[in-house]
Amino acid sequence: MKKELIQITGISRFYYMGVETVKALKSIDLNIFKNEYVAIMGQSGSGKTTLMNILGCLDTPTEGTYLLNDKDVSKMTDNSLAEVRNKEIGFVFQTFNLLPRMTALENVMLPLVYAGFNKKMRIERAKTALERVGLVDRMTHRPNELSGGQRQRVAIARAMVNNPSIILADEPTGNLDSKVSDEIMHLFNDIHQAGNTIILVTHEENIAMYAHRIVRLKDGEIEKDYINNEIRLSEV
């Protein structure tokens, strides 16, 4: 029986701008199971970024409940949310978010510093993560010595290094050309097949087609939620 990793019930997020209330999300229900590969899609203003921020524990809802691994994270304090983010969620961003003065290895080690691992363990786990993304031979290079695709691979290794419950990828190919994008999506497919849960946030139809399930948002509500029967396979 599949285990529900994420259970969202009646989630709304309102922003108050003077006398105006902006309803970014409107009473959303969403369940995501362990080892699913889900794309969250929507145009600008659809609410997908707000939903991503809530899923990633970067924001809390105005109303509703969010259970992550059976823990209610919807009403946690900022400090508690920071701990959940470090342990449960691996982030991959469009802009890579690597520290320029650090090597690839040091960038990948960062989450382990916050998690309290000793230096030997940090190095071992970071090397293993870089091996998984095919970059162990670049571990002493700084970001400006790497291509865009290599930088994104470092970011993916950093996202995986803590063995999180979720890999949350926000427009991960937005700054890459089509060939490198295909290589990165091939890597996500390998990560998913290894047992990881992936949530991909994108507005690009061709990128969403790599996922096994697609959730489409419109005007702060789920418009469609369906299994992708035409999964795009990598050409790599």
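Every read-out reported here was derived from the displayed coordinates using simple, explicitly stated rules and does not represent laboratory data. The shown structure was predicted, so the numbers you read here are calculated from the model rather than taken from an experiment. Here the Cβ positions follow ideal geometry from the backbone for every residue, glycine too, while neighbour counts run over all protein chains shown.
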Percent RCO, i.e. relative contact order, over the stretch 1-48, from Cα pairs under 8 Å lying at least 6 residues apart: 38 percent
Rounded if a/c under 1.5, otherwise prolate or oblate - the stretch 72-191, Cα gyration tensor axes: oblate
Dipole magnitude (debye, nearest 20) for the chain, charges at Cβ of Lys, Arg, Asp, Glu: 760 debye
Of the GluC sites (Glu not before Pro) in the stretch 180-236, those whose Cβ has at most 11 other Cβ within 10 Å and which sit in DSSP loop: GLU230, GLU235
Where trypsin sites (Lys or Arg not before Pro) in DSSP loops with at most 13 other Cβ within 10 Å are excluded, longest remaining stretch of the chain: 102-236
Where labels lie 7 Å past Cα in the beta-carbon direction, separation of GLU204 and ARG142 in nm: 2.9 nm
Rounded to 5, the percent of DSSP beta bridges in the chain classed as antiparallel: 55 percent
Length-normalised contact order for the chain - Cα pairs under 8 Å, 6+ apart - percent: 27 percent
Mean separation of Cα contacts under 8 Å, 6 or more apart, over the residue count of the stretch 1-118: relative contact order %: 24 percent
Between the stretch 53-99 and the stretch 13-47, the alpha-carbon center distance in angstrom: 14 Å
